Amino acid sequence: MTEFEVVNGELRLNKHITKLDQFVIDALSILEKYANYVLISGYVSIFFGRARATEDVDLFIDEITPENFFKFYDEAVSRDYEFNIENPEELYHEYLQDNLSINMWRKKLPLIRLEIKIAKKQSQKMSLKNKIKVFYNGGFLFFSPIEYQIAYKKAILKSDKDMEDARHLEIVFKNLNKEAIDSYTKLVLEEFKYG
Amino acid sequence: MDKQRIFFVEKWAEFVRINDDEKWSKIQAELVDSQIENAQDMALTKEQVDYIKRGKLQ
């Protein structure tokens, strides 16, 4: 029986690693050297079993210094990744620091992308702070609290796909904290009222 | 929400919930991998992908 349960901020599972998972694992093995990250949005539901793929794997990172960002960029490029802009200065100052996401993908495979954004809003920072460590087979990844995902998808995004993602998480996770969902819901509604 | 779609989402989630990781993830991997392979087969350029995705909120 699978029913996932987060205990003390951790969860363990043994699953078949998909090509999408492998892309995420490989790309994050570079990023994690330079920044704290947390996976969010559709990929969270997919990692925990939702029967769909995605082209965009979204994540938040902590504030990152220009030096660390340029090191990350250089290593990624040297390992055959590309970015939406080929100028790291512009990526850092005009995108990341301007609250825009940057895209990273395997050379010649631009349809599957990591979308990296700095956590600026309080709920996004809380998502990073309260991230869960998920051990899979031989490694681990950091995911947003499931309660945050459910709240954000149901209160803000609200597309059919997002409502379905939220429903999936509600069913496969055990002991979800309903107070945390309510609290995240109030917070994101307040934050996104002003854009 | 489309009632039929949500019915199948719930049905699949229930399958994930009551079965071992090994069982559900093998089926899921086949589905996800086939979608990824289809995307790779399209071999679109970065510019073509940007064109398709244009309009997406950042």
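Key figures for this structure:
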| read-out | value |
| --- | --- |
| Length gained when the stretch A:Lys174-A:Phe70 is fully extended (0.36 nm per residue, less Cα-Cα span) | 33.4 nm |
| Environment charge of A:Ala35, counting only residues whose C-beta is closer than 9 Å and scoring Lys/Arg +1, Asp/Glu -1 | -2 |
| Approximate spin-label separation A:Leu100-A:Ile25, in nm, with each point projected 7 Å along Cα-to-Cβ | 3.4 nm |
| Rounded FRET efficiency, nearest 0.05, which uses the C-beta distance separating B:Lys11 from A:Glu5 and R0 of 22 Å | 0.50 |
| Mean Kyte hydropathy of 1.0 or more with a Cα span along the axis of at least 15 Å, helices from DSSP in chain A | A:19-31 |
| For the range A:41-195: relative contact order, % (alpha-carbon pairs under 8 angstrom, 6 or more apart) | 22 percent |
| The range A:15-160 - convex hull of alpha carbons, volume per residue in Å³ | 114 Å³ |
| The protein assembly as shown: calculated mean residue ellipticity at 222 nm from DSSP helix runs of at least 4, using -39500 (n - 2.57) | -15000 deg cm²/dmol |
| Efficiency of FRET between A:Asn36 and A:Lys108 - r from beta-carbon atoms, R0 30 angstrom, step 0.05 | 0.55 |
| Nearest-10 value in Å² for the accessible area of A:Arg52, using the 1.4 Å probe | 30 Å² |
| Fraction of antiparallel bridges per DSSP, the range A:42-151 only, in percent to nearest 5 | 65 percent |
| Largest-first ordering by accessible area, 1.4 Å probe, given options A:Ser159, A:Ser78 | A:Ser78, A:Ser159 |
| Of all DSSP beta bridges in chain A, antiparallel share, percent nearest 5 | 55 percent |
| Dimensions in Å of the protein assembly as shown - Rg and Dmax from alpha carbons | 17.7, 51 |
| Whether the range A:74-174 is rounded, prolate or oblate, judged on the alpha carbon gyration tensor where a/c under 1.5 counts as rounded | prolate |
| FRET efficiency for A:Phe135 and A:Leu189, using Cβ-Cβ distance with R0 set to 41 Å, rounded to 0.05 | 0.80 |
| Accessible area buried, both sides summed, chains B and A with 1.4 Å probe, Å² | 3600 Å² |
| Rough spin-label spacing in nm, given labels placed 7 Å along Cα→Cβ, for A:Arg12 and A:His93 | 4.9 nm |
| Size of charge dipole - the range B:1-51 - debye, nearest 20, with Cβ of Lys, Arg +1 and Asp, Glu -1, no other charges | 280 debye |
| Probe 1.4 Å - accessible area at A:Thr65, Å² to nearest ten | 70 Å² |
| Cβ-placed point charges (K, R +1; D, E -1), dipole of the range A:63-104 about Cα centre in debye, nearest 20 | 140 debye |
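The values are calculated or read from the model by the stated rules, or taken from the named source; none is laboratory data. All figures in this text were calculated on a predicted structure; none of them were measured in a lab. Quick reminder, even Gly has a Cβ in these numbers, built from the backbone with ideal geometry, and neighbours come from all protein chains shown. Note: areas computed on protein heavy atoms with side chains; ligands, DNA, RNA excluded. Shrake-Rupley method; radii C 1.70, N 1.55, O 1.52, S 1.80 Å.
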